[in-house]
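In what follows, a structure is listed as structure tokens, so that the remarks can point back to it.
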Amino acid sequence: MERLKILIFRIGDRHFALPSKSVKEILDSSGSLKPVFYGGGALKGMMNFGGEVVSVLNASVILDITDNAGGPMILVCKERDMEKVVGIAISEVREMQLLQISGINPSVETDPPYVSGLIGETDENSGKVVTLLDLNRFLDFAFTKIDRL
């Protein structure tokens with residue numbers, strides 16, 4: 001059986017996941033982030049990551065989710081086919097989990113374009129639905145939203 005290792009995290013009161021191979025590092029945003037004042041809040045700031053300037057996206061603004069925590073954690077992400085690293089500000093990292101691929105409900109036509117599937121009833125988040133994100137499609141969605149602001 002094919003498995004997928006995912007990182008589950010929270011934005012506001014909603015739970016999301018990314019394949020763990022897409023997340024290079026998890027950082028506390030205090031002190032490392034230089035805020036920017038354009039992008040309508042969707043672009044939270046810039047930071048130095050290993051000598052590279054990295055844009056940090058504010059996931060709560062992009063996904064229109066109320067987040068009183070203000071994104072204190074940053075997921076530093078990169079897919080193999082991506083030229084640049086990108087940061088995504090989130091509320092909290094919840095857990096790492098190994099899932100059977102068959103346990104992921106594929107996205108349907110009515111789901112937003114960045115959703116690759118839904119996962120229900122994870123161990124720690126019993127009763128919560130976790131939205132599995134496709135990183136490339138999430139970034140495409142985020143950058144079009146920044147361009148519109």
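Probe radius 1.4 Å, ligands and nucleic acids ignored: give me the carbon and sulfur share of the accessible area of segment 9-121 as a rounded percent.
About 51 percent, which is the carbon plus sulfur part of the accessible surface.
Determine the per residue accessible area of the chain with all protein chains present and a 1.4 angstrom probe, expressed in square angstrom.
Normalised by residue count, the accessible surface of the chain is 54 Å².
Between Leu118 and Thr66, what length comes free when the chain is fully extended (0.36 nm per residue of separation minus the Cα-Cα distance, one decimal in nm)?
16.6 nm
Which residue fluctuates the most in the chain, going by a Gaussian network model with Cα springs under 10 Å, if the choices are Arg137, Arg80, Arg14?
Answer for the Gaussian network model of the chain: Arg80.
If you rank Lys34, Lys44 by how much accessible surface each has, with a 1.4 Å probe, what is the order from largest down?
Final ranking, largest accessible area leading: Lys34, Lys44.
Would you mind checking which residues have amide H under 5 Å from Glu92's amide H? H placed 1.01 Å from N; only 5 or more apart, or other chain.
Arg10
Which of the residue pairs Lys21/Lys128; Lys5/Lys44; Lys5/Lys34; Lys34/Lys128 have a Cα-Cα distance greater than 26 Å in the structure shown?
Lys5/Lys44; Lys5/Lys34; Lys34/Lys128
Scan the chain and hand back the longest stretch that contains none of the chymotrypsin sites (Phe, Trp or Tyr not before Pro) lying in DSSP loops with at most 14 other Cβ atoms within 10 Å.
39-149
With a cut-off of 8 Å between alpha carbons and a minimum separation of six or more residues, what is the relative contact order of the chain in percent?
The value is 28 percent.
Subtracting the Cα-Cα distance from 0.36 nm times the residue separation, let me have the gained length for Ser32 to Lys84 in nm, one decimal.
Full extension of this stretch gives 16.9 nm more.
Can you give me the solvent accessible area of Met96 with a 1.4 Å probe, rounded to the nearest 10 Å²?
Per-residue accessible area (Met96): approximately 100 Å².
Most mobile of Asp28, Asp81, Asp13 per a Gaussian network model of the chain (Cα springs, under 10 Å)?
The residue that fluctuates most here is Asp81.
Using alpha carbons only, how many degrees (0 to 90, rounded to 10) separate the axis of helix 135-148 from the longest principal axis of the chain?
Its long axis makes an angle of about 40 degrees.
Pop a pseudo-label 7 angstrom from the Cα along the beta-carbon direction at both Val108 and Val93 and give the gap in nm to one decimal.
If labels sit at Val108 and Val93, their model points lie 3.4 nm apart.
So what's the back-of-envelope 222 nm ellipticity for the chain, counting only DSSP H runs of four-plus at -39500 (n - 2.57) apiece and dividing by all residues, rounded to 500?
-3500 deg cm²/dmol, from helical runs alone.
What does a probe at Glu25 reach in segment 44-78, counting residues whose amide N is under 12 Å from the point 7 Å along Cα→Cβ?
47-54, 74-77
From the protein chains alone at 1.4 Å, what is the descending order of accessible area for Thr110, Thr144, Thr131, largest first?
Thr110, Thr144, Thr131
The values are calculated or read from the model by the stated rules, or taken from the named source; none is laboratory data. In this text, all values refer to a predicted model and were calculated from it rather than measured experimentally. Note that each Cβ is placed from the backbone with ideal geometry, even for glycine, and that neighbours are counted across all protein chains shown. What goes into the accessible areas is simple: the full protein's heavy atoms, side chains included, and nothing from ligands, DNA or RNA. Shrake-Rupley method; radii C 1.70, N 1.55, O 1.52, S 1.80 Å.
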